[in-house]
Amino acid sequence: MSEPLARGRLKIYLGYAAGVGKTYQMLEEAQEAKREGRDVVIGYFEPHARKDTIAKTEGLETIPRRVVEYRGTRFEEMDTAAILRRHPQLCVVDEFPHTNVPGSERDKRWQDVLALLDDGIDVMTTMNIQHIESLNDQVYQISGVRVRETIPDWILGEADEVVMVDLTPRALLNRLERGVVYSHDKAKQALQNFFKESTLGALRELALRQTAHEVDSRQPEDESPATAEPVTHDRILVLITGDPASTALIRRGRRMADYLHAECYAVCVLKRGEFERLPGEQRAAIEKHLSFARELHIETRRLEGENVAQTAVEFARTHQVTQIFLARTQKRSALGSLSRSLVHQIVRLAGDMQVTLVADRKFTKQD
Amino acid sequence: MGVRTDSRRDPEALLRQAQAEEEYERRGRLKVFLGYTSGVGKSFRMFDEGRRRRERGQDVVVGAVQAKGGEDVQQLLSRLEVIPLLDCRGTGVMDVERILTRHPGVCLVDGLAYDNPPGCANPRRWQDVERLLDRGISVITTINLQYIEEYVDRVEKITGKRTRQQVPVSFLQRADEIVVVDAPPDLALNAGSSGSMTQQQLSDMRELALLLAADVVDRQLSSCLDRRGIAASWGAQERVLVCLTPRANASAMIESGRRNAERFHGELFAVYVTQPETAPEDQQALERNLEIARQAGAKVEILEGVDPAEAILEFAGAHGITQIFIGHSRRSGWWTRLAGTPVDRLLDRAENMDVRVFPQ
C-alpha cells in the first residue's frame, strides 16, 4: 500500500495503568493485520508473564532483542537496526516511553520508533497517560508518583491515531487481586500505591480527556459559520529561572499553548553580565531548563537587560505575547526564583497582557 | 489542595449515609458499555465479559439480544443462557417477569435504548433495567451516544439526525461502571454499519463519547470521595473561576475564561464576594458583569465573607478550581499597595491553582 518513501503510520494504544489491556488489544489488531495479508513483526514485546497476552503473539514473527552489557549487567533492548534490515510493513513496539540503556544508539525508544517511521514502517505502540510530559505535575498531584520516563507531547501529535484502551478501575483491581497483572507480592505493593480506586479513576479521567483532545486536534478546523468564533492568536511567554519550579511552569505553558492553539516562547532574563557571574550550578540549572523547553518544541532565548522586568515585558510586546507565565513566588525568595517585587513590576508593566502565576502542584496523601 | 474530613457531619447525615449504603448493597450493579456508533464492538465486549463471569462461577443470563449480531457474537451467545425476547405486536420486548422469576446474578441487556410498544408495563427498556436492578439483579448493558437524551441536540448538530428512543444521562451517571469502547473511525467504517456517516462525523461523535465518559468518571470520583468524607481536587478537569468586581473588565475575563474552559472541555464559574456599602452605580456595573457571565454559560454565585480572599479560596477548594482569574487596577489597585491585600493573600494561599491577573 505505502509508497517506498512515504512515512510510516503511527498508532498509539493509550491506557491509564498497567494491566488495562493495551498490549493485548494491540496484538489482537496485529494478528488481524496479518490475517489481512500484511507483513507484521514484533519489534519489542514485554510479556510480564501474562498468559493471555503471550498467547496473542503466537504466529507473529519476533525480531530477537539486542543484548547490551552495561556495567557488568546484561540488558535486552529492541534491535532497531535488525528491524530496519528486515523492513516489515508493520512493527509492534511495546512500551513506547522506555529509556534505552546508556550506550544505545538512541536514548529513548520513541526515537527508535521515529527511525522506523522515517523508513516507511508502520508502527503500533503502547503507553500510559502518566508518561505524557505536560501532565507530569498533574499525575504527581493525583498519585504522588513522579514519573521519570516521559514522552514530549509533540510525539503524540506525530501519531496518526490514538486509541484509548479502557477498563474500569474496579475490573483492573480485580485483575490485580487475581494476579493477572503482577505476581502476588508485587500486586500487593501496587495496590497500596498507584492502584487506589480513586487514583485510578482520576488517571482514567485524564486519559479519556486526552484522547478526546487527540481526536479533536486531528479534525480539520470547523468552518461552518454557526460555530466559527473570532480567531484570537494567543501567544504565551514563559519566564524561566534556575528555580526547579521552572519545569512545572514550562509543562503548564506547553499544555496551555497546545489547547489554546497558541505559540509558546520561553525566556530567561538576567542583568547584563549576571549569567557569567552566577555559580556554576545556577548556570547549569538555567541551561537545563532552556533545553527542556526546547525538547518540548518551545522557542527559547536568554536575554540581558538593565531592568529584568522591563526587558521581559519588552520582549513580550515585540513578540505580540498575550499571556506571560511566571512561577509562583516562594515565601522566602529562593535563590534563582523571581522576587516578589519583580512579579509586581511585571504585572504593572504588562499593560494589556495577562499574567499567570502558575502553582506548584502538590500531592496530598489520602488514607 | 487540602484533603480534609468533613466537620459538618451530624447524626442525621450519618443516618442518611447508612441508609444510602444499605440501599446500595441491596440493588444490583449497573455496568454500561458506551460506543460512539454501531460496529465498534460493544456487544462483543459485553457478551465476552458475560462468558468470563460465567466461567468464574457467576450466574449469568442474556436478557436481550440485538438482531444484527456478528458471527463472533453468535459464538459467545451459544455458550450463554438466553431468555428470548417476547414478541409484542412485532416488537421484541425484554421478558422482565421471566428474568425476575429466574433471578440470575447478572443479566446482559444488549441495546439499552429500545422503546417498548404501548401496553407494556414500562414505555422504555431502561426502565425495565431499573426494575431488575431494584430487585437485586446486576445488569451489564450497551448503548450508543446518539440515544442519550441530553446529547441529542449535539448529536443532531453533527449527524443531522435525531433519535426518538432516548435514555436520560442521569441513568448513566448512576451506573457503577461505564466503559467507553473506543476504536478509530476507519474500523467503525469497515464494520459497515456506520456507512451513512463521514469520517469527520464519526470523529466528532467519538470525541463527544470520550468526553461524556470522562464526565461520568469525574462525577463518580467526586461522589466516591464525598462518601468517604474527603474533599480533594486533582485537576483532571480544568475548572476556571472568574472573580468579578464592579470595575473588573468582565467581558475580557469571561471571554478568556469561556475559551479556556471550552478548549479544555472544562467548566466555567464566576463569583462575586459581597462588599458592604456598594455604591448604586457599582451595583449596576456588577449586575451587568454577572449577566455577561451568565450569558457565557458560567455558573454564577454570590459569596459572603468578611475576607474576600478566604471566601474565594473556600469556593475554589470545594469546586476543584484549577485556574483563578482576577482583575487588577493600575490606578488604585492592590499591586501598588504592598502585602496584606486580599489578592496578595489569594496568591499566597491558592495551592494547586494558577492565578491569572487581568489588567482593568
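The residues of the stretch B:48-65 that are farther than 19 Å from residue B:132 by Cα and touching a helix residue (DSSP H, G or I) at 6+ places or on another chain (Cβ under 8 Å), listed by number, are B:48, B:51. As a summary of the residue check, residue B:293 satisfies the conditions (1) over 22 Å from residue A:358 (Cβ atoms); (2) in contact with a Pro (Cβ under 9 Å, 6 or more places away or on another chain) except for the one numbered (2).
Can you find even one residue in the stretch B:262-270 that is closer than 30 Å to residue A:130 by Cα, of a type outside the set (Gly, Ala, Ser), more than 13 Å from chain A (Cβ to nearest Cβ) and in contact (Cβ under 8 Å) with a residue 24 or more places away in the chain? Checked against the condition, which is being closer than 30 Å to residue A:130 by Cα, of a type outside the set (Gly, Ala, Ser), more than 13 Å from chain A (Cβ to nearest Cβ) and in contact (Cβ under 8 Å) with a residue 24 or more places away in the chain, the stretch B:262-270 yields at least one hit.
Under the condition of being over 15 Å from residue A:355 (Cβ atoms) and within 14 Å of chain B (Cβ to nearest Cβ), which residue from the stretch A:292-336 is modelled with the highest pLDDT? Residue satisfying both the conditions and the ranking: A:330. Report yes if some residue within the stretch A:212-225 is over 30 Å from residue B:176 (Cα atoms), modelled with pLDDT of 90 or more and surrounded by 13 or more Cβ atoms within 10 Å (Cβ to Cβ); otherwise report no. Within the stretch A:212-225 (the criterion being over 30 Å from residue B:176 (Cα atoms), modelled with pLDDT of 90 or more and surrounded by 13 or more Cβ atoms within 10 Å (Cβ to Cβ)), the answer is no, since none of the residues qualifies. Note on the stretch B:12-116: enclosed strands (runs of 3 or more DSSP E) holding 3 or more residues that are modelled with pLDDT of 85 or more and hydrophobic (A, V, I, L, M, F, W, C) are B:30-35, B:60-64, B:106-109. Residues in the stretch A:24-64 that are out of contact with any Phe, Trp or Tyr (no Cβ under 7 Å at 6 or more places or on another chain) and among the basic types (Lys, Arg) were compared, and the one that is farthest from residue A:166 (Cα to Cα) is A:38.
For residue B:298, the requirement of being crowded, with 21+ Cβ neighbours inside 10 Å, in the same structural domain as residue B:353 (by TED's automatic domain parsing), modelled with pLDDT of 90 or more and more than 22 Å from residue A:255 (Cα to Cα) is met. Restricting the stretch A:124-168 to residues that are away from every other protein chain (no Cβ under 14 Å) and among the hydrophobic types (A, V, I, L, M, F, W, C), the residue that is surrounded by the most Cβ atoms within 10 Å (Cβ to Cβ) is A:127.
Residues in the stretch A:260-274 include at least one that is more than 14 Å from every other protein chain (Cβ to nearest Cβ), modelled with pLDDT under 95, assigned to a helix (DSSP H, G or I) and over 29 Å from the mean Cα position of the chain (by Cα).
The values are calculated or read from the model by the stated rules, or taken from the named source; none is laboratory data. Here the structure is a predicted model, which means the values were calculated and not measured. Note that each Cβ is placed from the backbone with ideal geometry, even for glycine, and that neighbours are counted across all protein chains shown.
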